[in-house]
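J.: Have a look at this one.
The values are calculated or read from the model by the stated rules, or taken from the named source; none is laboratory data. Remember, predicted model here, so these are calculated numbers, not experimental data. Cβ placement follows ideal geometry from the backbone for every residue including glycine, while neighbour counts extend to all protein chains displayed. Areas reflect the complete protein model, heavy atoms only, side chains present, ligands, DNA and RNA absent. Shrake-Rupley method; radii C 1.70, N 1.55, O 1.52, S 1.80 Å.
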Amino acid sequence: MLHRTLPGFIEVICGSMFSGKTEELLRRVKRAQIARQKVQVFKPVIDNRYSVDHVQSHDANRVASKPVEKARDILRFVDDNTRVVGIDEAQFFDEAVVEVAQKLAYRGARVIVAGLDLDFRGQPFGPMPKLLAVAEDVTKLQAVCVVCGNPASRTQKIAGPTGPDAGRIVVGAKDLYEARCRFCHEPDISSQAGGSGQSQDCPT
Ligand code: ADP
Ligand code: TMP
Ligand code: MG
Ligand code: ZN
């Protein structure tokens, strides 16, 4: 069993793309490693943007990670003496990731989960709402809106389909997405000529 004598808990780091979720996860993981705590990091196998076996930020900071197909696989791979479990791109996991995080926390692990709170339409993404609800600690980060420069809480899809039938999951980075504030965000650019620009009157 994981160090039963220590209290376990769940931390969630959420926000738009480019808000620094992965950087913050890496910062916490590195500090745990400095404290000589055993850390294991997982990510869904679908996230192959920069590397298959590393969690990597948009600024190329990275740490070794294990890609897993399903959330429940994490339980199979976590070692008994692991103190800290990091999970990146949690929005891509099935709902079972909530139960997995809870089990690990009850077993005494510190579970650090990072993921998108909203999809490109501005809708809550996958298991993230439930993870946010059960977490002891929540950090919500903002990027910089590329249109107006204000803090950005949303992710704009700038290429590929965005209409009602567009799939929710498309792995990508600046080729497909950019950070925008609430007022510059356009959930569906497919029906508009030109595509980009402000959808609402930005109050600044
Ligand atoms: P996330 O995992 O939330 O997508 P990362 O931690 O991978 O974010 O990357 C954050 C980094 O992205 C920032 O430190 C910055 O260098 C870079 N970046 C690129 N575009 C933006 C933006 N619009 N706003 C803020 N940071 C940005
Ligand atoms: P990031 O938050 O670490 O930048 O990674 C987010 C990943 O999620 C990236 O591969 C793009 C993907 N994504 C979707 O699949 N659907 C979406 O609606 C959004 C906003 C991002
Ligand atoms: Mg990231
Ligand atoms: Zn804006």
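J.: Of these, V144, V100, which one is within 13 Å of ligand 1 (Cβ to nearest atom) and at pLDDT 95 or above?
T.: V144
J.: Moving on to the next point. Is at least one residue of region 137-145 closer than 23 Å to N48 by Cβ and touching a residue at least 24 places away in the same chain (Cβ under 8 Å)?
T.: Residues of region 137-145 closer than 23 Å to N48 by Cβ: 143.
Add one more test, that the residue is touching a residue at least 24 places away in the same chain (Cβ under 8 Å), and what stays is 143.
The answer is yes, given that some residue of region 137-145 is closer than 23 Å to N48 by Cβ and touching a residue at least 24 places away in the same chain (Cβ under 8 Å).
J.: Checking the conditions here, which among S57, S19 is within 11 Å of ligand 3 (Cβ to nearest atom), under 27 Å from E178 (Cα atoms) and touching a helix residue (DSSP H, G or I) at 6+ places or on another chain (Cβ under 6 Å)?
T.: S57
J.: Given (1) more than 15 Å from the chain's Cα centre (by Cα); (2) open to solvent by less than 10 Å² (accessible area, probe 1.4 Å); (3) at negative phi; (4) not acidic (D, E), where does F42 come up short, assuming only one miss?
T.: So F42 meets the others, but not (1).
J.: Sticking with this one: In region 157-179, which residues are buried (at least 19 other Cβ atoms within 10 Å of the Cβ) and in contact (Cβ under 8 Å) with a residue 40 or more places away in the chain?
T.: T162, Y177, E178, A179
J.: For K140, only one of the following conditions fails: (1) open to solvent by less than 50 Å² (accessible area, probe 1.4 Å); (2) in a strand (DSSP E or B). What is its number?
T.: (1)
J.: Since R27 meets every condition but one in (1) within 30 Å of Q156 (Cβ to Cβ); (2) in contact (Cβ under 8 Å) with a residue 24 or more places away in the chain; (3) more than 16 Å from ligand 4 (Cβ to nearest atom), which condition does it not meet?
T.: R27 satisfies every listed condition except (2).
J.: Picking from V68, V55, V63, V41, which residue would you name as being away from ligand 2 (no atom under 11 Å from the Cβ) and either within 28 Å of C145 (Cα to Cα) or modelled with pLDDT under 95 (or both)?
T.: V63
J.: Ok, one more. Residues in region 67-82 that are open to solvent by 80 Å² or more (accessible area, probe 1.4 Å) and either within 16 Å of Q33 (Cβ to Cβ) or touching a Ser or Thr at 6+ places or on another chain (Cβ under 7 Å) (or both): how many?
T.: Residues in region 67-82 being open to solvent by 80 Å² or more (accessible area, probe 1.4 Å) and either within 16 Å of Q33 (Cβ to Cβ) or touching a Ser or Thr at 6+ places or on another chain (Cβ under 7 Å) (or both): 1 in total.
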